[in-house]
Amino acid sequence: MTHERQKARAFGLRAESLAALWLRLKLYRIVARNVVARGGEIDIVAHRGATVVFVEVKARPQVDMAREAITAVKVARISRAARFWLSRNHWAANLIVRGDAIFISPGRPPQHVADAFTLDLFR
């Protein structure tokens, strides 16, 4: 792994830790982090009340750049991983499921967007 890639990976991990802390401050319980399934990955799975949230964390120099980084291909990958996670966590079967995003930009508080994208859970 190149030095630039290592720096980017470290920046991403710090952003995910900050996002998890932000969610905890908003009274979410972090259920899982970095869930990997064939063809997909979820940064954070959180739970609050009757809702389980699959969170994509995007860290970019500017918030607009972070928003643009959640593409249809990325949502499809998150959806695949969410289906995998739900199939193994039956306690969440009757909960509301949501796809959120947290955007991280230097010098700004994290921006949590509920329902940032629609998950496809029925493929």
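The values are calculated or read from the model by the stated rules, or taken from the named source; none is laboratory data. Just so it is clear, the model here is predicted, and its values are computed rather than measured. Cβ atoms come from the backbone with ideal geometry, glycine included; neighbour counts cover every protein chain shown.
Here is how the numbers come out for the structure above:
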read-out	value
Among (1) out of contact with any Leu (no Cβ under 6 Å at 6 or more places or on another chain); (2) closer than 18 Å to VAL113 by Cβ - the single one SER79 does not satisfy	(1)
Meets criteria (more than 21 Å from LEU27 (Cα to Cα) and modelled with pLDDT under 95) for PRO61	yes
Residue count for the range 71-123, restricted to those that are of a type in the set (Ser, Thr, Tyr) and closer than 16 Å to VAL45 by Cβ	2
Meets criteria (assigned to a strand (DSSP E or B), at pLDDT below 95 and of a type in the set (D, E, K, R)) for GLU4	no
Members of the range 85-116 found to be modelled with pLDDT of 95 or more and of a type in the set (Phe, Trp, Tyr), listed by number	TRP85, TRP91
Some residue of the range 17-34 being at pLDDT below 95 and either more than 22 Å from LYS7 (Cα to Cα) or touching a helix residue (DSSP H, G or I) at 6+ places or on another chain (Cβ under 6 Å) (or both)	no
Count of residues meeting criterion [over 15 Å from VAL57 (Cα atoms) and free of Cβ contacts under 8 Å to residues at least 24 places away in the same chain] in the range 95-123	2
Checking ARG5 against (1) closer than 21 Å to PRO106 by Cβ; (2) surrounded by 11 or more Cβ atoms within 10 Å (Cβ to Cβ), the condition it does not meet	(2)
Failed condition for VAL97, given (1) of a type in the set (Val, Ile, Thr); (2) under 11 Å from the mean Cα position of the chain (by Cα); (3) farther than 25 Å from PHE11 by Cα	(2)
